[in-house]
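K.L.:
Take this structure, written in structure tokens, and hold onto it; I'll ask about it next.
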């Protein structure tokens, strides 16, 4: 997108002011508009260049040829025949443009992070030891070759217990128990660097499970193990039929 013109032009100056308000104002929303972000960076760079041009105009000596080769070089000069102030202005314009572009990118990244989906719950590890019930129910995960000696607890949620473990194959495992119904609801193992993910579902055949009473029929709850937590994602079903209704 070309800007055209000089930033002193009324429309360009007004456009820059409006974009700055969208980027830095109280109701900043520019992060959701990448075209506007790019335009802001473009106008800010033009603004910096315009400022440099203004300095160049005020620094010109009347009667002196515009040919900068006539300017004497001072001791230690790098050999650039242009005066020092000119080089400083150009460098400043470049750095200002780069800074604006970086700031614009940061606005976009921050906006994306802020609006990204987040888990409904985040469970942290605890120092709890496995109960006899957990040890017994882990036997039902024998097909995944889970080692009981490696069980490690996370915070309980939704009336459920969540545990991680290692398998004989050195895979990471995630297990979800419902203590009140004495059930192992789900187990999954995955080789690193993959992380185990398990889901439980609120369907009619599982209405003996107490956790389902909190949600409408059709709900799914996903447990995702990260490096040091377990994320809980709740996807509520749209079927609001009462339990036991025909």
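K.L.:
Sort out which residues of segment 132-155 are assigned to a helix (DSSP H, G or I), within 16 Å of residue 169 (Cβ to Cβ) and free of Cβ contacts under 8 Å to residues at least 40 places away in the same chain, and write them in order of number.
P.N.:
142, 143, 148, 149, 150 - these are the residues of segment 132-155 that are assigned to a helix (DSSP H, G or I), within 16 Å of residue 169 (Cβ to Cβ) and free of Cβ contacts under 8 Å to residues at least 40 places away in the same chain.
K.L.:
Which one is nearest to the chain's Cα centre (by Cα) among residues in segment 15-29 that are in contact (Cβ under 8 Å) with a residue 24 or more places away in the chain and closer than 19 Å to residue 46 by Cα?
P.N.:
Top of the filtered list is 23.
K.L.:
Follow-up. Here is a check on your reading of the model: is residue 160 under 16 Å from residue 173 (Cα atoms) and assigned by TED's automatic domain parsing to the domain that holds residue 173?
P.N.:
Considered against the rule, which asks whether it is under 16 Å from residue 173 (Cα atoms) and assigned by TED's automatic domain parsing to the domain that holds residue 173, residue 160 comes out as no.
The values are calculated or read from the model by the stated rules, or taken from the named source; none is laboratory data. Keep in mind that this is a model prediction, so the values were computed, not measured. All Cβ positions, glycine included, derive from the backbone under ideal geometry; neighbour counts span all protein chains shown.
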